[in-house]
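Enquirer: Pasting a structure below so you can have a look.
Please treat every number below as a calculation from the coordinates, not as lab data. Everything quoted here is computed from the prediction, not taken from an experiment. With ideal geometry, Cβ positions are generated from the backbone for all residues, glycine too; neighbour counts draw on all protein chains shown.
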Amino acid sequence: MGRTNPTYRDALRAIEERWTEFRRALRRRDQPRFDRLFEYAREHADASGLLNHQNPLLPALLSIDLEQETKLEDHEERLEELEQRISDAEPDRQQPPEEGRTGEPK
């Protein structure tokens, strides 16, 4: 029988193993962030495998970008919602009348 190509998940696992020393050199606070990037790549492994790209790192990077874009959109929506709540909760304030040069209201 002929040889088979490794699956994309196998290729992604190999990439992660090649980056093990880099991960180890990171500060402890950054190691979970590094791990999360590979989690993002694994979440899109099915689509990346269908692409069958020569360099499996490129679909992994695009997968990471997609997940980060999703998180960014979620944060923007949440921020808009919080800003709306704040503006709805503030009482209507009347601004004091502007004063002219003579000190009398306009």
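Enquirer: Give me the one-decimal nm value for the distance between modelled label points at residue 71 and residue 43, 7 Å along each residue's Cα-to-Cβ direction.
Expert: 0.9
Enquirer: If each of residue 5 and residue 24 carries a label point 7 Å out from its Cα toward its Cβ, how far apart are those two points in nm?
Expert: The modelled label-to-label distance comes out at 3.2 nm.
Enquirer: So what's the projected area for the range 19-75, the Cα convex hull averaged over all directions, in nm²?
Expert: Approximately 4.5 nm², given one-decimal rounding.
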